[in-house]
1. Is it the case, given these coordinates, that LEU83 is in the same structural domain as ILE60 (by TED's automatic domain parsing), out of contact with any Lys or Arg (no Cβ under 8 Å at 6 or more places or on another chain) and buried (at least 16 other Cβ atoms within 10 Å of the Cβ)?
2. Working only within region 329-345, note down all residues that are of a type outside the set (Asp, Glu) and closer than 17 Å to CYS55 by Cβ.
3. Only one of ARG704, ARG725 is surrounded by 13 or more Cβ atoms within 10 Å (Cβ to Cβ) and either hydroxyl-bearing (Ser, Thr, Tyr) or modelled with pLDDT of 85 or more (or both). Can you tell me which?
4. Could you check ARG153 against (1) at pLDDT 90 or above; (2) buried (at least 21 other Cβ atoms within 10 Å of the Cβ); (3) basic (Lys, Arg) and say which number it fails?
5. Take VAL758 and tell me if it is at pLDDT 90 or above and over 21 Å from SER847 (Cβ atoms).
6. Going through region 811-826 one residue at a time, which ones are at negative phi, among the aliphatic types (A, V, I, L, M) and either in contact with a Ser or Thr (Cβ under 7 Å, 6 or more places away or on another chain) or surrounded by fewer than 15 Cβ atoms within 10 Å (Cβ to Cβ) (or both)?
7. For residues in region 346-358 being of a type in the set (A, V, I, L, M, F, W, C) and surrounded by 16 or more Cβ atoms within 10 Å (Cβ to Cβ), which is farthest from LEU54 (Cα to Cα)?
Amino acid sequence: MHGPPTIEICGRMTSLNSPAAKTNLPVEPDDFIGRERDADDLRRLLETMRAVTLCGPGGIGKTRLAVHVAHSLLDAYADGIWLVELADVSLDGPPGQVPRKVAAVLGVAEEDNRPVAATLADALRPSEALLVLDNCEHLVDDCAELTRLLLERCPRLRVLVTSREPLRMAGENVWRVPPLEPGEAARLFLARAGAVRPGFPGGDGRAVAEITRALDGVPLALELAAARIRVLSVEQIASRLADRFRLLSTGDRTAPARQRTLRAAIDWSHELLNEPERVLLRRLSVFSGWTLGQAEQVCADDALGGTAGAGLPAGAGLPAGPGLPEGPELPEGEILDLLTALVDKSLVVVAGETAGEVRFRLLDSIRQYAAERLAAAGEVTMMRARHRDAVLEAAERHGEIAIAERSAGWYDRVALFLRYDAEVGNVRTALGWSLERDEIEEGLRICTALRTYWIVRGRIAEWAEWTDRFLARGTGLPSSVRGPGLAGRAQLAAGSRDFAQAGEFARQALDHCRKAGDDFMVAAALIAVAEANTRAGLFAEAAERLDEVDAIAARPGQEWNRAYALTVRGYLQTHRGRLREARELLEAGLQIMRDIGQLWGASHALIGLGRLAEQRGDLAAARERYGEALPILREIQARPELARGLAGVGRVALEQGELSLARESLAASVGLSRSTGIRLDVARTLEAFAALVAAEGDDHGAVRLGGASAALREAAGGPAGTGSRLERTLEPIRKRLGDTLVAQLWGEGCVTSPDEAVALALRAPGISAVPAPRVPAAAESVPPAPAGRPLAAPVTPPSTLTVREREIARLVARGLSNRGIADELIISPATVARHVTNILTKLGFASRAQVAAWAVEHIPEDEPPT
């Protein structure tokens, strides 16, 4: 026989069912920060589920969350909430340790010749209680067996488990404890730092953000970092996180040993792995994120020996060496089970699904720990080379799919575009390894293969820099590698609208590509030269290059080049004013792109057709063409082209009087263009904004934006001056405001930064006027510019000077006085003085020297006289 379970409270035995015995939960040591939503969700989950397991890596805060939730539920359980800490129960002890520990906590006495678990089940059968089993990862089998028995026999009992690995039993609900959100992590760090150093000022917000990012929002790591505030600033802590295991090595002496340092927390998990799991974990450290297929290709021993790598390109094999390291083999067929085990043990995180494949990653601290293990095993060179070669093999295969050298459907291409958003970390790692090892050919091949993806995403600046580094160190590479690399670099330049640079790289590429017999890249380089010539006004030369492309691209496998050359020729004819021919060419290019399933290429033709319709004044057709392009561009998140398509919609809506739609579209466009850093696109959108704010009644804002647009366009290598579109905006404003005020406002716009100009454009309609400019009292007595002040740049549209004023400005540049100018032009000195005063006012200058400098730059010597 046995009576109701008892527990010793304050030295006396009390029945478990007595109101006096409600819990043995420890008092929470400090404020519980963050996870409010998690705590609410767990409380609701425990209302309906009888077994909940909190899973996560060491230090993620499983115990703290469980205890906090348990405290908040005390009133919900008539027979209390009981915490059983299992971390100190030895894995190698005798059988029955888990039920004995639970019985000890609950005060349930053992019975002779009867399993303790059965005694526990009988004792708890009538109880409405919550049992919290903490740190079960090393005892999952025993904990699962006991939990299953108790839930079967005790209908009013619920069990909350914390473990780095699920119990994997029927009825278990696994709750993966996530890292803290960035805001929560910052609050926790600052709160703990304030407790360590009273009066702690908080430090630089950027440094705090870097700490929380580097430590992945793991509470233990954040608390250990905060403890260093005793002797280090926030900025010093952030700068030392590369050596985080030394930095985060002094924790609470009263905490369990496994929680006193970050290394100890991860060591605890690592020691629970079997040897194949340990090998896979350290090898996975070469990835920034991966799929199952990538893990099988890179980490399996049979793959490393060559079996799984048979499809690698020539020259992509492992470096010569003494062979595979000693240790257990990891057959490719076992990677799935081993990876699943690492996920279950909370050492690998499921990072979501991209392009139909589940992706995985390591938390940053675990990745660094695993990388140290990889180095200790002597596998770094082998694994990083294998990782780089896998990136190269995939990049070249996917690059051919992107430009239709390999056939594929559009949705297959969309999946690849999305894939490389997730793969960017692996690509950077592979490129860095290639530079470090001076393996320039492999690195340049990766850059060349992936050029389409970076152009689509608008990530051109970074990838142009990578390509430049490899090209600079690869002057001796074979033409078969250097030629395509130069051609790809030309395409990157064209993608950023730097057509002069695109032409230069493309011309260098041609000899190499021809020497290598690479007709595809010969055609690509010729198209880039044609684009550059078109932008430079060299229309005949552009047509000649496109004629060469036509001869090459008539062959099979050249459909992309054939279609793109038609599109570029369509743009060329648009510039020439041959609009009907341009339309036919663009339509032909559009059809081929659709036929080969390359809708991104089709969007180029659609945008060209939209612009063509704008020029013809067919606004309905223009809007239709832009509307066709936008869904394609949104689907693959092609930021540069999406910005151009939205700008087209905005311009058309403005012409149709739909100011709200125009503002919405132009705002989206300029935001995308700023994010890609393509200045010429920003300038053109600001020009459209100038027309919009003028239509909204803000003349001052329109002129400022016009000046900002013109200055940015010229800085980006575009044509100087106002352009016909902007001139149409300015003409009526000059009549309303006068040349003097327009000159001042234009000058303000010219010296406005791009960010300030964008902010000005995005402001709600209605910008206050500015004070009228000061007009010099006498043209001949204007004081010179202060010493050290540079001569001013043009601060007014050139067309605001009359023909006579431009002529006088040119004579000022020759150093003539008013009398000398009067003699030259056979007019009176007073008339000259009046003209000079007007010039100074319109240009916003304070001296004749500034006028002279401006005239030298902006008035051609051969400009015909009056």
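1. yes
2. LEU339, THR340, ALA341, LEU342, VAL343, LYS345
3. ARG704
4. The one condition ARG153 does not meet is (2).
5. So VAL758 fits the description; yes.
6. ALA822
7. Ranking the qualifying residues of region 346-358, first place goes to ALA355.
Residue-wise test of (1) at pLDDT 95 or above; (2) crowded, with 17+ Cβ neighbours inside 10 Å; (3) aromatic (Phe, Trp, Tyr).
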| position | (1), (2), (3) |
| --- | --- |
| PHE505 | yes, yes, yes |
| HIS512 | yes, yes, no |
| ALA516 | yes, yes, no |
| ALA523 | yes, yes, no |
| GLY537 | no, no, no |
| GLU548 | yes, yes, no |
| ALA551 | no, no, no |
| ALA563 | yes, yes, no |
| ARG580 | no, no, no |
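The values are calculated or read from the model by the stated rules, or taken from the named source; none is laboratory data. Every value quoted in this text rests on a predicted model; they were computed, and no experiment measured them. A quick note on method: Cβ atoms are made from the backbone with ideal geometry, for glycine too, and the neighbour counts reach across all protein chains shown.
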